[in-house]
Amino acid sequence: MTTENLKEIAGKYGTPSFLFDEKALKTRLRAIKEIVGDKVTLCFSIKANPFLIPAMREVTERLEVCSPGELDICKNLGVAPERIVYSGVNKTEDNVRDAAEYGVGIYTAESLKHVLLLNDEGKRIGKALPVLLRLNGGSQFGMSKEDLFKVLEKRDSLDGIEIKGIHYFVGTQRKKLTQQQKELTMLKDLYDEIEKTYGIRLEKLEYGPGLPVPYFDTEDFSDTLAPVKEISDALKETATWCDLTVEMGRFFTSECGYYLTKVMDIKSGEDTNYCILDGGMNHLTYLGQIMGMKIPVIHKLEAENREDIDVEINNTFGEAELCGNLEDGAADYALCGSLCTTADVIVRQIRLQDLKIGDILAFCNVGAYSVTEGIYLFLSRTMPRILLAKEDGSIVVARDFTESSVLNYQSKQ
């Protein structure tokens with residue numbers, strides 16, 4: 001996406017909007033596949049961005065679902081059930097039954113309770129459900145090694161499931177890549193121990209390396225595929241002793257997304273210039289929170305009629321000086337959203353050249369999480385339009401501007 005592309009799309013489709021570039025996404029995925037090789041299966045964790053499911057099922061073999069709602073999305077899109085990995089830390093009997101009736105390809109068991117739920121459903125339908133036992137990695141997810149071994153000890157009495165392997169994921173944005181290499185060695189040792197202790201060789205491993213992506217202006221964007229290149233040999237070696245699936249979300253999708261928001265007002269107060277946007281913290285997040293002290297990659301797109309309101313303001317009130325205005329027309333701004341809370345500061349200080357009301361700011365690298373992770377119901381503001389840039393250059397509206405007010409109060413008096 002060039003700045004001219006972004007400017008044209010913002011002008012035609014309005015703001016605030018998310019734009020996801022499917023061509024760039026697929027290009028990245030094909031590059032990753034070439035790096036890791038054909039023996040490694042790729043799985044997209046759809047929680048990163050469910051709007052990308054249609055594109056991602058063309059370039060990944062598996063889709064990980066972590067909630068009943070995500071499964072419903074896959075059903076509505078006609079995702080082949082055998083390609084779905086049904087995960088999630090909180091499964092109920094109804095959830096498992098719904099997934100089994102759809103024909104989900106494989107399930108994760110994150111606790112002894114999950115094992116029993118899946119086993120009961122398998123016996124009910126008369127078909128052993130394929131299961132990955134999720135190993136705890138230091139969080140609330142997965143089961144301890146001791147519990148995992150208890151399941152293996154009782155496997156002969158669990159005729160409603162078929163234990164296929166292990167699922168292991170620790171976290172995201174993990175920059176010390178020696179950790180992933182150590183984990184893969186640990187998992188190989190674990191598989192060997194299981195074979196020695198129980199006489200079975202587990203065939204599958206679903207592994208989430210949590211590779212890092214850059215977001216902010218101080219980070220290195222020169223080769224954002226470098227992390228997967230660095231651990232590719234370890235992944236290829238792992239694929240020689242198991243059927244390896246690499247599961248990721250953020251690393252796959254972050255680069256393909258843009259958030260387009262319009263400058264609605266500019267003012268100064270107490271040595272700070274404020275730029276008010278028509279979006280805000282309710283839409284835009286990086287790493288699960290507003291990172292106000294850090295500066296993401298932002299493109300400023302000049303509006304066609306940007307001078308009109310400035311002329312009217314200057315004619316009425318006289319020309320106002322920005323705080324710390326520089327001779328070249330640049331100034332430092334706090335970028336703030338439309339919410340009535342002092343927390344709605346997207347960037348605390350950024351220098352922008354010749355900023356005017358009506359300009360568009362395009363925030364880059366928001367292809368993962370931001371589109372669903374924001375606090376969208378706060379203050380009942382309109383939810384953003386979701387746009388998909390297709391490989392042929394066309395733009396599809398995946399979701400139109402949506403009013404959140406109807407969700408915040410529905411009863412009639």
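Of note:
- Prolate/oblate/rounded label for the range 327-411 (Cα gyration tensor, a/c 1.5): oblate
- Take every Cα pair under 8 Å whose residues are at least 6 apart in sequence, average their separation, divide by the length of the range 40-159, and the relative contact order is 18 percent.
- Sorted largest first, extent of the range 1-131 alpha carbons per principal axis (Å): 58, 36, 24
- Solvent accessible area, Å² - Thr285, 1.4 Å probe, full protein context: 10 Å²
- If you sort Ser111, Ser87 by accessible surface, 1.4 Å probe, largest first, the order is Ser111, Ser87.
- 13 Å beta-carbon shell around Leu6, net charge (K/R +1, D/E -1): -1
- Hydrodynamic estimate: the Kirkwood radius of the chain over Cα pairs, inserted into Stokes-Einstein at 4 °C and 1.567 mPa s, corresponds to D of 55 µm²/s.
- Average accessible area per residue (Å²) across the range 146-199 - probe 1.4 Å, nucleic acids and ligands excluded: 55 Å²
- Counting all C-alpha pairs of the range 204-256, share separated by more than 12 Å (%): 68 percent
- Orientation-averaged projection of the range 43-93 equals 3.4 nm² [convex hull of Cα atoms, one quarter of hull surface area].
- For the range 165-311, the convex hull drawn through the C-alpha positions has a volume of 149 cubic angstrom per residue.
- Charge-dipole axis of the chain as Lys and Arg at +1 and Asp and Glu at -1 on Cβ define it, positive-most pick from Cys242, Asn5, Ala362: Cys242
- Using C-alpha pairs below 8 Å separated by at least 6 residues, the relative contact order for the range 119-195 is 35 percent.
- Of Val59, Val40, the residue with the largest accessible area leads and the full order is Val59, Val40 (1.4 Å probe).
- Protein heavy-atom accessible surface, 1.4 Å probe, per residue over the range 299-413: 57 Å².
- With all protein chains kept in place, the per residue accessible area of the range 1-75 amounts to 38 square angstrom at a probe of 1.4 angstrom.
- About its Cα centre, the dipole of the chain is roughly 1500 debye, where the only charges are +1 on Lys and Arg Cβ and -1 on Asp and Glu Cβ.
- Candidate lysines - alpha carbon under 17 Å from Lys47, same-chain residues fewer than 8 apart omitted: Lys75, Lys91
- When Cys275, Cys340 are compared by accessible area of protein heavy atoms, the largest-first order is Cys340, Cys275, using a 1.4 Å probe.
- Cβ charges +1 (Lys, Arg) and -1 (Asp, Glu), total dipole of the range 271-362, debye: 640 debye
- The share of accessible area on the chain that comes from carbon and sulfur is 49 percent, using a 1.4 angstrom probe.
- Average Cα contact separation per residue, the chain, under 8 Å, 6 or more apart, as relative contact order %: 19 percent
The values are calculated or read from the model by the stated rules, or taken from the named source; none is laboratory data. Please read all numbers here as calculations on a predicted model, not as lab measurements. Neighbour counts are summed over all protein chains in view; Cβ atoms, including those assigned to glycine, are modelled from backbone coordinates with ideal geometry. The protein model used for the area step is the full one, side chains on, heavy atoms only, and it has no ligands, DNA or RNA in it. Shrake-Rupley method; radii C 1.70, N 1.55, O 1.52, S 1.80 Å.
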